[in-house]
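Only one structure is covered here, and it is reproduced in the block below.
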Amino acid sequence: MYSGARTSEVLTVLASQDGERLTVGDIVAVLRDRAFALLVVLLGLPNCLPMPPPIPLVCGLLLLLVAVQIAAGMSAPWLPRRLLGRSIARQDVERAVRRAVPILQRLERWSRPRMRVFESALGMRGMGLALLTLAMALIVAAPIIGQIPLGLAVCLVGLGLVERDGVVVIAGLVIGTIGVALNAGFVYAIVAGLMSLFGL
């Protein structure tokens, strides 16, 4: 049922799963053949709003794992069994999806397959390296607001990969470049402050 479904439709199905909690394994099973790209969307989604630690750190570490596998050319994501058993409250998933779906639906009306260079094996490996950079920036993102441009960038890249729309992917990469630069400045300020404090 998912081969022709849009991103918003797949996420709606995910949010309507039975039970009070969803395991990571349940989520991956719903995403099926588009697990890589939709996992990227899901990992960016929580960071599009101000979120307290450790959410950006956890999302960044998971995105790092996914990005390494994309860069390595794997056809489907591998996650540790212990991680697959971790669960998330279904209400939290439903709330995030409910906020995201109207925005995704507007993007989907505009989005269409174009500039499909990212669909090639080499293009996907390049996407893996780009997502690796975004993941590392997300791990050290400035508290509360630093993750917002990175979360938006990750969501757009994932959405562009799902919809086979290179323009959306490029838009995500542009926003991601800005986010990485902002957070690099944040990290530099902290390091410089510590060096000054200790007289280094």
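Magnitude of the charge dipole for the chain, about its Cα centre and with charges confined to Cβ atoms of Lys, Arg (+1) and Asp, Glu (-1), is about 180 debye. When both region 146-191 and region 2-61 are represented by their alpha-carbon centers, they are found 18 Å apart.
Cα gyration tensor of region 1-113, axes a ≥ b ≥ c as square roots of the eigenvalues: rounded (a/c below 1.5), prolate (a/b > b/c) or oblate? Rounded shape, in that the Cα axes give a/c under 1.5.
Rank 61, 159, 182 by accessible area, highest first, at a 1.4 Å probe radius?
182, 61, 159
Close amide H partners of residue 165, meaning residues 5 or more places away or on another chain with modelled amide H under 5 Å apart, are 114. Scalar couplings 3J(HN,Hα) for region 38-52, obtained by applying the Karplus form with A = 6.51, B = -1.76, C = 1.60 to θ = phi - 60°, are 6, 4, 4, 4, 5, 6, x, 3, x, 8, 7, 10, x, 10, x Hz; x denotes Gly and Pro.
For residue 23, the residues whose modelled amide H falls within less than 5 Å of its own, excluding neighbours fewer than 5 places apart on the same chain, are 88.
Relative contact order of region 58-200, taken over Cα pairs closer than 8 Å and 6 or more residues apart, is 29 percent.
Per-residue 3J(HN,Hα) values for region 60-68, derived from phi via the Karplus relation 6.51 cos²θ - 1.76 cosθ + 1.60 with θ = phi - 60°, read x, 5, 5, 5, 4, 5, 5, 4, 4 Hz in sequence order (x marks Gly and Pro). For the set 148, 103, the ranking by accessible area, highest first and with no ligand, DNA or RNA atoms included, is 103, 148 under a 1.4 Å probe. Scanning residues 5 or more positions from residue 144 or on other chains, those with amide H under 5 Å from its amide H are 51, with H placed 1.01 Å from N in the peptide plane.
Quick one: pull the percent of accessible area on the chain belonging to carbon and sulfur, 1.4 Å probe, ligands and nucleic acids left out.
67 percent
The heavy atoms of residue 92 present about 70 square angstrom of accessible area, all protein chains included, probe 1.4 Å. Taken one residue at a time, the phi angles of region 144-151 give Karplus couplings (6.51, -1.76, 1.60, θ = phi - 60°) of 6, 9, x, 7, 4, x, 5, x Hz. Gly and Pro are set to x. Computed on the Cα atoms alone, the convex hull of the chain gives a volume of 126 cubic angstrom per residue. With every protein chain in place and a 1.4 angstrom probe, the accessible-area ranking of 7, 133, 23, 177, largest first, reads 177, 133, 23, 7. Surface calculation, 1.4 Å probe, protein heavy atoms: residue 48 sits at approximately 40 Å² accessible.
Just checking the listed ones, 56, 143, 46: in the Gaussian network model of the chain with Cα springs under 10 Å, the one fluctuating most is 143.
The values are calculated or read from the model by the stated rules, or taken from the named source; none is laboratory data. Everything quoted here is computed from the prediction, not taken from an experiment. As a convention, Cβ positions derive from the backbone with ideal geometry for all residues, glycine included, and neighbour counts pool all protein chains shown. Areas reflect the complete protein model, heavy atoms only, side chains present, ligands, DNA and RNA absent. Shrake-Rupley method; radii C 1.70, N 1.55, O 1.52, S 1.80 Å.
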